[in-house]
Amino acid sequence: MNHYNVLVIGAGPAGLAAAHAAGASGLKVGIVDDNPLAGGQIWRGGPERQADRRAQSLWNALRDAPNVTFLQQTRVLYSPEPGQLRVQTAAAADTLRFGHLILATGARERLLPFPGWTLPGVTGAGGLQALAKGGYPLQGKRVVVAGSGPLLLAVAATLKLKGAHIVAIIEQAPTAAMARFALGLLATPSKIAQALRLAAQLKDVPYLHDSYVRSAHGDGTLQSVMVQRGKGRELETLQCDYLACGYGLIPNVELAQALGCATASDGAQTVVEADHWQQTSVPGIYCAGEGTGVGGVDLALVEGRIAGLSATGQIVPAQAEFGQRTRWKKFADKLARTFALRPELATLAGDDTIVCRCEDVSHGELRTHTTWRCAKLQTRCGMGPCQGRICGGATEVLYGWRPDAVRMPISPARIDTIIA
């Protein structure tokens, strides 16, 4: 049983920043991540390979630090008692003890059901981007990128770089909101530069705002999508081989909830409550990054630094970061307002549209229930391998439900790991 003064869960930008700040104190720091490489979803493929110099700098410093240990391909299952986490690797299991815990568990895509969304060829936007980065062949494939948020532009740019033909980018946000957001970028010059780079990469790709995918069609696999343009009745059919579709991100709060940390509803997302020091409602447990609310890499980095400094008693340097956090929280608020989901998206599923893909539960079976718990008991919705990580986000939008409990272990586990 290994002991760490500070244990960080998640090796994305927030987790790496937290580990770097905590490691500067000289205390023993562990970083746990279930992927083979650090970086999380934003710096997928390894921080040392990113164009973002902050990623390279953090990774180089952590790699050379003698008091920091990276526990890759290690998955957290549950807490057997306070101050401990049971974890599992590909070949073994262990119990890690900690003095302070920093949760930087990131976020996942929000996927919403519509007719045809289970056809082969329909994927999450970030999911197809991750596959492409991992070598999945897309050369010459026709791809529609749809949903909401700046991630769509980054996804389209990646897929185009990998040889895909981007048929169109479909953004559900209204035109007026997009215009206000563009003007608001004047307050964050770094974001303007980023937007201009993406615009140059995608200059020949149609960008259809105030639009959304109503349905996907194909004979056994995806062949086309029907797109709603604006609030009128104008419909357009686009031929494609893939639809990469995602409606923003959902914070991964399951581990925080399992540890007893308080959560709250913030718009259409459930977030971990944290104070100025990134301290949760449980003493000694901190949360940073998307878990406290989706805000992007800049907010994740500063929250990670504050959490790492606070957990190791470096109060003055932690306070010095508060201004930067306030700045990027304002930007996150603009993102949330601009890309708020339009109500029409909750009306697309028909009675025969599958909502829970693990257990094949349809919208018609779910819409007669009043709570997440009731639906689980009567239909097994959310009881499959993903444990509601996909359908939970959808039912929150469709029916206003919030999962009320976390089942242990929080990730699939081997029996010998649990009984050891």
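The values are calculated or read from the model by the stated rules, or taken from the named source; none is laboratory data. What you see is a predicted model; the values in this text were computed from it and never measured. Heads up, the Cβs are rebuilt from the backbone with ideal geometry, glycines too, and the neighbour counts pull from every protein chain shown. Note: accessible area is taken over every heavy atom of the protein model, side chains too, but ligands, DNA and RNA are not part of it. Shrake-Rupley method; radii C 1.70, N 1.55, O 1.52, S 1.80 Å.
Annotation: cysteines of the chain without a disulfide-compatible partner (Cβ-Cβ under 4.7 angstrom) are C240, C245, C261, C287, C358, C374, C386. Rolling a 1.4 Å probe across all protein chains gives L185 an accessible area of roughly 20 Å². For the stretch 160-311, the residue among W277, G291, A193 whose Cα projects farthest onto the positive side of the dipole built from Cβ charges is A193. Computed with a 1.4 Å probe over protein heavy atoms only, the accessible surface of the stretch 363-420 comes to 55 Å² per residue. Surface exposure of the stretch 1-69, expressed per residue as accessible area with a 1.4 Å probe, stands at 44 Å².
Charge dipole (Cα centre; +1 on Lys/Arg Cβ, -1 on Asp/Glu Cβ; no other charges) of the chain amounts to roughly 720 debye.
Note on Y78: accessible area approximately 50 square angstrom, rounded to 10, probe 1.4 Å, nucleic acids and ligands left out. Across the protein chains, with a 1.4 Å probe defining accessible surface, the residues M408, M226 rank M408, M226 from largest area downward. Of the residues A11, A268, T371, the one whose Cα sits farthest toward the positive end of the charge dipole of the chain, with +1 on the Cβ of Lys and Arg and -1 on the Cβ of Asp and Glu, is A11. Here K334 is the anchor, and the lysines within straight C-alpha reach of less than 26 Å, apart from those fewer than 8 places off in the same chain, are K191, K203, K231. When peptides 60-73, 261-274, 238-251, 155-168 are ranked by their average number of other Cβ atoms within 10 Å per residue, the highest-first order is 238-251, 155-168, 261-274, 60-73.
When you count the other C-beta atoms within 10 angstrom of each residue and take the mean per peptide, 186-197, 358-369, 323-334 line up highest first as 358-369, 323-334, 186-197.
Within the stretch 125-175, the proportion of C-alpha pairs whose separation exceeds 12 Å stands at 57%.
When DSSP beta bridges are restricted to pairs lying wholly in the chain, around 45% turn out antiparallel. Can you classify the stretch 208-323 as rounded, prolate or oblate using the Cα gyration tensor, where a ≥ b ≥ c are the square roots of its eigenvalues, rounded means a/c under 1.5, and otherwise it's prolate if a/b beats b/c and oblate if not? Note, shape of the stretch 208-323 comes out prolate. Among the listed values [x] 14; [y] 30; [z] 18, the one computed from these coordinates for percent of Cα pairs over 41 Å apart is [x]. Heavy atoms of the protein chains alone define the surface here; on that basis the stretch 146-196 has 42 Å² accessible area per residue at 1.4 Å probe size.
On the chain, 54 percent of the accessible area sits on carbon and sulfur atoms, based on a 1.4 Å probe.
Taking GluC sites (Glu not before Pro) across the stretch 212-265, the ones in a DSSP loop with at most 16 further Cβ atoms lying within 10 angstrom of their Cβ are E234. The percentage of C-alpha pairs in the stretch 29-123 whose separation is greater than 24 Å is 39%.
Take the convex hull of the alpha carbons in the stretch 301-420; its mean projected area over all directions comes to 11.3 nm².
Per-residue ellipticity at 222 nm from helix content only, as computed over the chain with -39500 (n - 2.57) for each DSSP H run of at least four residues, stands at -9000 deg cm²/dmol.
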